[in-house]
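Q: This is the structure I have questions about; it appears just below.
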Amino acid sequence: MTGEFVHTGQTLTGGGDAYCPLERKRRGPAALAAALTVLLAGGVFLVFSAISEPQRIAETPIAATLPVAPETAPAAPVEKAAAEEMTVAEALAESRAARAGRAAETERALAGGEETADKPDGLVPHLKPVTTSIADGVVKTAGVAPSLKPAAPAPKPVAPPSRPMQLGGVEYASADDQPPPFFFASDIVRHDVSRTAPAVALAADLSREPQEFRIRINRGENFVDALKRAGVSPVDANEAAYAFGEYQNLRRLLPGQELALTLGWQNQTLFELASAHKEPQAQLLGLEFRADPENRILLRRAANGEILAEKKTVPLTTRVMSIAGQINGSLYLSAKHVGAPDQIIADLADAFSYDVDFQREIFGGDEFEAIFEVNYDDRGKMVSVGDILYARLKWRGRSREKGYYRFSEDGETSDFYDATGQSARRLLMKTPIDGARLSSGFGTRRHPILGYRRAHKGVDFAAPRGTPIKAAGDGVIERANRYGSFGNYVRIRHANGYQTAYAHLKGFARGIRAGKRVRQGDIIAYVGTTGRSTGPHLHYEVHLHGKAVNPQRLKIKTTGKKLQGEALDRFKMMRAMIDAMRMPPEEREALYARQNSGTQGAL
């Protein structure tokens, strides 16, 4: 190819020359060969360095030292032509002998009292070999010229410390080169740390403290199921049920009742806990159940492992409380508004059941008052109420007022008496049912079922189905069965020619039958809608000598007795005590300065 080339996109170099691609192709193989040559030479050098053995370093010549007496003249130089052969062991032996002689001379000088401060201790020859060679462990020295130099005063020989070398530690030339000892107090005190193998340290039992739980019996759950739900083992649950059943019927446990449990667990090792697939079952250590506010059933585990049961009675604390207020709407709602318990409201109505018709004679603004007993348990919670000690009521627009005191003449049965000692008991009650509404009065009316007017010989009290019905007075049951359109029917014969009848009953109380004697206030039946009836209600009739009379307008004189003699004196003492409770607290006199209109003289 000639020097001419076709300009096909050629460029210029930095010097202005044209750049030829063909020239670049000719130089490429040469550059590659040079690079490979350099790499090959470097590799050969590295291989040679790795396999070649390093040169041995010439050992330092050993100088033989010969002992020279202090008074001896310097020895003549040894001819260089004579060659001496000396081994390493012989050179070391001569050096030790020279040092031993010098030390002996120093001791003799000190023992004789000689002053050696101004005298040289002696001259020690130092042999400097001119040429040295080592062959077969023998040191050959040729042409050794002795060089005598005065030696320094020989110090007392100090035995070098003999201690082994430490790998990776710091070694000192002599004991004088070590730093002074310095320690912390914690470095000096030795701490003994016990090194126990994990298998031995973790093989001991791990204790777990007993715990207390409170569980409630769920609906459809029995005693054993509740204990199993708490984690108690089936064996302990069955044994506890057997002991618990000695004082409590297990079938009468109600949902919501609470059991206080004390549970414990057997000691286990860490390996046992780690290998367990579920929570270990607990052992029952104790149980407490409140059967009622006064009685407790306790279970405890004896020393031999048996579960024992006992019944414990907890005394209640009795306190006296009082309520008072005005009636707005109904006696029940007004008394509940001031915090009266339900039982106290019912007893308050019973105290005036002979005097007041709570359906027709109570008006807004009438007043009530009651003093009664309340029982508290060991937790300070009110659990029950006692008897009403005093009851007062203003009714008919506060136009009539009466107050009764509860008093027991024989110490067993108690009754209400007025302030004079006269009993509040009457022959018949005006209302034999509590919480009922007067739905139909006495007299002629249109019958709701027959559709025509006819005489209604009693009064109707509307009340929920199953409401208890009380006997209006003491007497004997004449009839207790189904009676025509009256449905279930009860009739009672009382004193002084009075009879009471109760109709449309749902059912009779237990033991109610013809010929049975009942007392005033006993439950005889329940509200229903049997017979010719449009809804649940009580049809109540009162007959005097066989003739029906209006129970709402019946006026019966007091039939109870009046207290006399010693009983009356005790009643008056009790009345005075209750009146003292009822007295309002004394108002303190206002603490302010009173101005005196009179002039005060100077002291």
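Q: I'd like the carbon and sulfur percentage of the solvent accessible area for region 317-423, probe radius 1.4 Å, heavy atoms only, ligands and nucleic acids excluded.
A: Carbon and sulfur together cover 44 percent of it.
Q: At 0.36 nm per residue, and after removing the present C-alpha to C-alpha distance, how many nm does the segment from residue 481 to residue 514 gain when stretched out fully?
A: 11.0 nm
Q: Another one. For residue 458, list long-range residues whose amide hydrogen, built 1.01 Å from N in the peptide plane, is under 5 Å from its own amide hydrogen.
A: 443
Q: Using only Cα positions of region 437-549, each an equal point scatterer, no hydration layer, compute I(q)/I(0) via Debye at q = 0.10, 0.11, 0.17 Å⁻¹ and quote the log10 values to two decimals.
A: For the requested q values the scattering log ratios are -0.26, -0.32, -0.78.
Q: I would also like to ask the following. Using a cut-off of under 14 Å, list every residue of region 305-341 whose amide N is near the label point 7 Å from the Cα of residue 384 along the Cα-to-beta-carbon line.
A: Hits in region 305-341 for residue 384 at 14 Å: 313-319.
Q: Could you look at region 437-549 and say what percent of its accessible area is carbon and sulfur, using a 1.4 Å probe and all protein chains?
A: Percent of accessible area from carbon and sulfur atoms in region 437-549: 46.
Q: Right, here's the next one. For residue 525, what residues show an amide H to amide H distance below 5 Å, using hydrogens built from the backbone and excluding near sequence neighbours?
A: 469, 509
Q: Between residue 241 and residue 552, take the C-beta separation as r, use R0 = 56 Å, and let me know the FRET efficiency to the nearest 0.05.
A: 0.50
Q: With each label point set 7 Å from Cα along the Cα-Cβ vector, what nm distance links residue 267 and residue 279?
A: It works out to 2.3 nm between the two label points.
Q: To the nearest 0.05, what FRET efficiency results for residue 369 and residue 465 with a Förster distance of 35 Å applied to their C-beta separation?
A: The pair residue 369/residue 465 has a calculated efficiency of 0.55.
Q: Can you list residues from other chains, or at least 5 along the same chain, whose modelled amide H is less than 5 Å from the amide H of residue 561?
A: Hits under the 5 Å cutoff: 423.
Q: Something else about it: Before I look further, what does region 220-356 give for accessible area per residue, probe 1.4 Å, in whole square angstrom?
A: Dividing the accessible area of region 220-356 by its residue count gives 56 Å².
Q: Continuing with the same structure: For region 211-313, which whole percent of the accessible surface, found with a 1.4 angstrom probe, sits on carbon and sulfur atoms?
A: The C+S portion of the solvent-accessible surface of region 211-313 is 47 percent.
Q: Further question: Starting from region 307-369, pick out the chymotrypsin sites (Phe, Trp or Tyr not before Pro) whose DSSP state is loop and whose Cβ has at most 15 other Cβ atoms within 10 Å.
A: When the chymotrypsin sites (Phe, Trp or Tyr not before Pro) of region 307-369 are filtered for loop state and at most 15 Cβ neighbours within 10 Å, 363 remain.
Q: For residue 230 and residue 573, what does the FRET efficiency come to when R0 = 56 Å and r is the distance between their Cβ atoms, rounded to the nearest 0.05?
A: In this case the efficiency is close to 0.55.
Q: Return a whole-number percent for the relative contact order of region 211-313, with Cα pairs under 8 Å and 6 or more residues apart as the contact set.
A: 28 percent.
Q: Rounded to whole Hz and in sequence order, give me ³J(HN,Hα) for region 306-311 from the Karplus expression 6.51 cos²θ - 1.76 cosθ + 1.60, θ = phi - 60°, writing x for Gly and Pro.
A: Result, rounded to whole Hz: 7, 8, 10, 10, 8, 10.
Q: For a label point 7 Å from the Cα of residue 215 along Cα→C-beta, name the residues of region 269-305 whose backbone N is under 19 Å from it.
A: Answer for this model: 278-291, 297-301.
Q: Under a point spin-label approximation (7 Å from Cα along Cα-to-Cβ), what is the residue 453-residue 52 distance to one decimal in nm?
A: Each label point lies 7 Å from its Cα, and together they span 15.2 nm.
Q: Using a 1.4 angstrom probe, figure out how much accessible area region 412-487 has per residue, in square angstrom, rounded to the nearest whole.
A: 48
Q: Could you list, in their original order, any pairs among 336/381; 228/312; 336/402; 516/547; 430/562; 336/562 whose Cα atoms are separated by more than 27 Å?
A: From the list (336/381; 228/312; 336/402; 516/547; 430/562; 336/562), the Cα-Cα distance tops 27 Å for 336/562.
The values are calculated or read from the model by the stated rules, or taken from the named source; none is laboratory data. Every value quoted in this text rests on a predicted model; they were computed, and no experiment measured them. Every residue, glycine as well, gets a Cβ built from its backbone with ideal geometry; the counts of neighbours run over all protein chains shown. These area figures cover heavy atoms from the full protein model, side chains too; ligands, DNA and RNA do not enter into them. Shrake-Rupley method; radii C 1.70, N 1.55, O 1.52, S 1.80 Å.
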